[in-house]
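To start, the structure itself, in structure tokens.
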Amino acid sequence: MIEVQHLTKRYGPVTAVDDISFRVEQGEILGFLGPNGAGKTTTMRILTGYMPATDGKAIVAGFDVFAKPIDAKARTGYLPETPPLYPDMTVREYLTFVAKLKMPKKTTAADRRARVEAIMKKTFVDDMAARHCGKLSKGYRQRVGLAQALIHDPEVLILDEPTAGLDPKQIIETRDLVRSLKGDHTVVLSTHILPEVAQTCERVVIINKGRVVAVDTPENLTRQLRGSSSLYVQVDVTGGDAHATLRSVPGVTKVDVADRHEGFVGYELHAEQQRDVRRDVARAIVDRGMGLLEMRPMRMSLEDIFLQLTTNEQSAPGEAPTPAGQAAEGGSHA
Amino acid sequence: MRNALAIAGKELRGYFASPIGWVICGLFSLIFGWFFYTYLEYFVRNSMQSDMGQGGPMNINLSLIRPLFSNATVIILFVLPSITMRTYSEEKRSGTIELLLTSPVTDWEIIIGKFLGAMGLYCSMLAATMVYMAILFAYGQPEWKPLVAGYLGLVLMGGCFISMGLFISSLTKNQIIAGIATFIAGLMFWVINWLGDNASPTTAAILSYLSITEHFDDFAKGVVDTKHLIFYLSFIAFGLFLTSKSVDTERWKG
Ligand SMILES: Nc1ncnc2c1ncn2[C@@H]1O[C@H](COP(=O)(O)OP(=O)(O)OP(=O)(O)O)[C@@H](O)[C@H]1O
Ligand SMILES: [Mg+2]
């Protein structure tokens, strides 16, 4: 449904998007993830025909966005980073205007009116229909922006941070709305909120500095990057050498100090793949007369993966997940 | 064309949704009215004198309508930049340009739409002045043909300023800068023939040809000459063409 091939965009000397390629299948929801300045908005602007790429090709809904922009745009709904609202228009006037531009030309005025009313209901803005767009709160602007993107029932939806600025309840409503589009619509959404990706998207493209660093399902990314399983163990070290004890447990490959306190220390253990060392670890510590205060598996969250991929590109998957260690340390201090 | 009309309607509604449209229209009518009153008074005084046997009979077209139209061009020079300055600048600043450029609409439909929207406001301003003309018809017998020619001239001349203003607005995000630049550019085209006073005859001829006001004189006299029509229409077309180039360049820059 969307095919991006070797897309590159340079703003003068700045390369915002650098040779990006990916595909989105019909009916799929794809998450676009990356830190600030990664090139998400730029990629989306190219896909929607707002600006041409310096190099490469993009096909949206079967049409090349550079060669057949009108056909591609007619099948695409786009919510830009800042919802493009006219402050002097009421919500209803605004959506009617957008409907005139985007709905097929043969649509009758009555159908258009009905569609505007329906979409206002769907995006929960009907109570603001007569309010001027300039007087809406941030969250309502965002929702009117979403209504605008959906108005012509497009095959492809490109949403740039659709939940930015919404309250928790609205975030859930918007996520549900996006999820309900699955199947009929192909959706690409960008976000900084990682749980959102896990909850709404079937696949994630992580980009950093204009390059794709990972494309996979959220579950696979988590699994793949977890590599060797790691364990957090907090030990009362009075009267024993906890470090040596832990090292001697069969299956343990690496022991790091995660945090240190008066009399007890938190360790991070790495074990061989697929090997459960918990019983042996517990027994070893208790047998040496030390106290086992806490033991829990350390799982890499999507946050950790994201940080690892985008801040620490050199470290290959499976290596020490430094950010996770830091997170655990911060957690136990709190 | 449907798209262009939708955009024109949006523009027109935009002018009147904020005070700007009303203020501009009101101001224009007021200043025009003041000129009208001044010339009318002058005309009445003089025709009373000529009734008393001094000079020939006064012609209402010659001594009232013609100078009135010439003065109207001055008001237009001041007023039109404030109409066109928002057209592109404001859309660029607020990001709504992103909606237009990602809708299934061509650049030309947007440009024509914006041009028609500004023309719509301008023409309603002119229409408001017809009230004054109606007064003349009620109390005198002016010829209507020069009047029509004069209005046609005003519409075309305003079209030139609007097309130029549209282009300048497409160059910047700042509507104030766009307004001031449009005014200065308009002034240039206004006085350009004065530069020819000390120049060679050929240069003088070219400069006076480029002067937007020179071409208006015949319209004010009631003469519709194709030469002037062609000048105005090609000026408008060229302005719109530059706008399309500018929009395209901006798109590449991002
Ligand atoms: N119009 C522009 N002119 C010059 N450089 C630009 C322009 N727009 C974006 N950039 C640069 O391109 C890079 C990518 O920007 P982009 O807006 O695509 O990032 P993003 O992933 O959307 O970031 P964010 O999460 O902050 O929205 C940045 O380095 C940015 O400074
Ligand atoms: Mg962005």
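The values are calculated or read from the model by the stated rules, or taken from the named source; none is laboratory data. Computed from a prediction, not measured in an experiment: that's the story for all the values here. Don't worry about glycine lacking a Cβ; one is built from the backbone with ideal geometry, like all the others, and counts go over all protein chains shown. Surface areas here come from the heavy atoms of the whole protein model, side chains and all, with no ligands, DNA or RNA. Shrake-Rupley method; radii C 1.70, N 1.55, O 1.52, S 1.80 Å.
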Practice task
Might you let me know whether the range A:2-12 holds any residue that is within 16 Å of ligand 2 (Cβ to nearest atom), away from chain B (no Cβ under 14 Å) and either buried (at least 23 other Cβ atoms within 10 Å of the Cβ) or aromatic (Phe, Trp, Tyr) (or both)?
Solution key: no
Exercise for the section: Please give the number of the condition A:Glu155 fails out of (1) open to solvent by 10 Å² or more (accessible area, probe 1.4 Å); (2) within 16 Å of ligand 2 (Cβ to nearest atom); (3) within 14 Å of chain B (Cβ to nearest Cβ). Expected result: (2)
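To keep it simple, each residue is scored yes or no on (1) without any contact (Cβ under 8 Å) to a residue 12 or more places away in the chain; (2) over 23 Å from A:Gln26 (Cα atoms).
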position	(1), (2)
A:Phe97	yes, yes
A:Arg112	no, yes
A:Ile119	no, no
A:Lys122	no, no
A:Leu136	no, yes
A:Pro162	no, no
A:Asp167	no, yes
Problem - Single match in B:Gly33, B:Gly14 (criterion: open to solvent by less than 20 Å² (accessible area, probe 1.4 Å) and within 14 Å of chain A (Cβ to nearest Cβ)) - result: B:Gly14
Completion exercise
Heads up, the helices (runs of 4 or more DSSP H) in the range B:39-134 (entirely inside) with at least 2 residues that are of a type in the set (D, E, K, R) and under 30 Å from B:Leu187 (Cβ atoms) are B:86-94
Practice task
Write out, first by first residue and then by second, each pair whose Cβ atoms fall under 6 Å of each other, whose residues are 6+ apart or on separate chains, and whose first residue, in the range A:38-53, is in contact (Cβ under 8 Å) with a residue 12 or more places away in the chain and in the same structural domain as A:Gly210 (by TED's automatic domain parsing) while the second is assigned to a loop (DSSP other than H, G, I, E, B) and within 8 Å of ligand 1 (Cβ to nearest atom).
Solution key: A:Gly39/A:Gly210; A:Lys40/A:Gly34; A:Thr41/A:Glu81; A:Met51/B:Gly254
Exercise for the section: Examine the range A:41-59 for a residue that is touching a strand residue (DSSP E or B) at 6+ places or on another chain (Cβ under 7 Å), within 17 Å of B:Lys253 (Cβ to Cβ), open to solvent by 40 Å² or more (accessible area, probe 1.4 Å) and not hydroxyl-bearing (Ser, Thr, Tyr), and state whether such a residue exists. Expected result: yes
Practice task
Report yes if some residue within the range B:146-162 is surrounded by 14 or more Cβ atoms within 10 Å (Cβ to Cβ), in contact with an Asp or Glu (Cβ under 6 Å, 6 or more places away or on another chain) and either in a helix (DSSP H, G or I) or not charged (D, E, K, R) (or both); otherwise report no.
Solution key: no
Fill in the blank from the handout: Of the conditions (1) out of contact with any Asp or Glu (no Cβ under 9 Å at 6 or more places or on another chain); (2) under 30 Å from B:Glu91 (Cβ atoms); (3) surrounded by 14 or more Cβ atoms within 10 Å (Cβ to Cβ), the single one that B:Leu121 does not satisfy is (1)
Problem - Enumeration of residues in the range A:35-88 that are away from ligand 1 (no atom under 14 Å from the Cβ), basic (Lys, Arg) and within 19 Å of A:Lys102 (Cβ to Cβ) - result: A:Lys68, A:Lys73, A:Arg75
Problem - A:Leu177 being buried (at least 20 other Cβ atoms within 10 Å of the Cβ), away from ligand 1 (no atom under 16 Å from the Cβ) and of a type outside the set (S, T, N, Q) - result: no
Problem - One residue from B:Ala178, B:Ala185, B:Ala205 being open to solvent by less than 10 Å² (accessible area, probe 1.4 Å) and assigned to a helix (DSSP H, G or I) - result: B:Ala178
Handout entry: Failed item, numbered, when A:Ser137 is tested on (1) within 23 Å of B:Gly9 (Cβ to Cβ); (2) at pLDDT below 95; (3) among the hydroxyl-bearing types (Ser, Thr, Tyr)
Key = (1)
Handout entry: Of all residues making up the range A:180-197, the number that are more than 16 Å from ligand 1 (Cβ to nearest atom) and in contact (Cβ under 8 Å) with a residue 24 or more places away in the chain
Key = 8
Exercise for the section: Only residues that are in a loop (DSSP other than H, G, I, E, B), more than 14 Å from ligand 2 (Cβ to nearest atom), open to solvent by less than 40 Å² (accessible area, probe 1.4 Å) and in contact (Cβ under 8 Å) with a residue 24 or more places away in the chain: list them for the range A:60-94, please. Expected result: A:Ala61, A:Pro84, A:Leu85, A:Tyr86, A:Met89
Practice task
With the condition kept exactly as written, say whether any residue in the range A:36-48 is more than 16 Å from ligand 2 (Cβ to nearest atom), outside any strand (DSSP E or B) and at pLDDT below 95.
Solution key: no
Practice task
State yes or no: is B:Leu171 in a loop (DSSP other than H, G, I, E, B) and of a type outside the set (Val, Ile, Thr)?
Solution key: yes
Completion exercise
Among residues of the range A:16-34 being more than 8 Å from ligand 1 (Cβ to nearest atom) and of a type in the set (Val, Ile, Thr), the residue nearest to the chain's Cα centre (by Cα) is A:Ile29
